[in-house]
Amino acid sequence: MLWATADPEVISAVTGGGTEDADGEVATALAIASEVLTLATAHLIHPAGSQIEEFIATKHVRRLSPVYGPITKVVSIGTVDTAGAESPTDRAWQLVGNTVYFMDRRTGTVFYRDIDCGPEQAVYRLHYEFGSTLTRAARSAAIEYAKQLWLAANDPDECGLPERTTSIVREGIGIELMTPQEFLDKGRLGLPRIDSWLAQVNSKRALRPSAVYTPDSPPGVGIALRRR
C-alpha cells in the first residue's frame, strides 16, 4: 500500500537528485515509510485497496466494523468452517457508512481452526474494497520519512532519525525506528515535521479507527488476513 510511487520526481526528492541505481532502495524506503505511517495514523490514512478480514463474534452479531474506509464495495460476506472453507451467509445485510449491519439472525455453532468460539459465537469473513484517504500532506510525509530511511543507509551523518534507533519488524517489514516501546506508546517517529502532522491526523494516538457500540451488540472482533 504505497503512499507514493518511486517515479523520477520522488526518487530525486528522496535521494537529493540520485541516479537510477537508487530505484530499488527508494522503493524499499517508500514501502517501509508507507507501512509505518499507516500504523501511526491508526489506518486512517491509506491508498485505495481491497481487504479480507475475519470477525469472531456472537452468532447473532448485528454488525461488523472493518478497519479501513471509506468502503466502496462489499465483495462478499460468509462464515468459515473448521477447515477454513467459506460459505456465503444467509443473513440479510446492509452497508451503512463503513459498517455492515445484519438484518436478521443465523443459528448454529461454528468452530474455526484451533479457535474455540464458544456455543454462541461464529467466525465471519468479510471481503471489501475501500477508497483512498491520501492527501498531499500524507504523500509529503511519506516521502520525507523515506528520505530519512534512505539517508540512514547511505549518508548517516545527514540522517535526521533519532540517535536511539533500533531495527525492528512490523508487518513483515524491517524498520529503523526509535526504541519499539517509544513508537508503540506514543505513535511518533522523532521527526518534528512528520510528528506535527501525525498529531493532527491522529491526535489521540489510536492504533485503529474508533468504533461505537452498545453492550447488547458489540461489533465482531476483526483479524486482518490480506490487504492489497
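Laid out as a table, the results:
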item: Lone qualifier among 52, 56, 11 - being closer than 24 Å to residue 189 by Cα and among the aliphatic types (A, V, I, L, M); result: 11
item: Evaluation of residue 19 against (1) outside the structural domain of residue 103 (by TED's automatic domain parsing); (2) modelled with pLDDT of 85 or more (one fails), failing number; result: (2)
item: Residue match in the stretch 29-44 (condition: of a type outside the set (Phe, Trp, Tyr), surrounded by fewer than 19 Cβ atoms within 10 Å (Cβ to Cβ) and over 30 Å from residue 123 (Cα atoms)); result: yes
item: Residue under evaluation residue 150, criteria (1) among the aromatic types (Phe, Trp, Tyr); (2) closer than 30 Å to residue 69 by Cβ; (3) at pLDDT 60 or above, criterion not met; result: (2)
item: The stretch 113-130: number of residues that are farther than 12 Å from residue 78 by Cβ, surrounded by 12 or more Cβ atoms within 10 Å (Cβ to Cβ) and modelled with pLDDT under 85; result: 4
item: Breaking point among (1) in contact with a Phe, Trp or Tyr (Cβ under 6 Å, 6 or more places away or on another chain); (2) within 12 Å of residue 122 (Cβ to Cβ); (3) among the hydrophobic types (A, V, I, L, M, F, W, C), for residue 71; result: (2)
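The values are calculated or read from the model by the stated rules, or taken from the named source; none is laboratory data. These numbers come from a predicted model, not from an experiment. Virtual Cβ from ideal backbone geometry, glycine too; neighbours counted across all protein chains shown.
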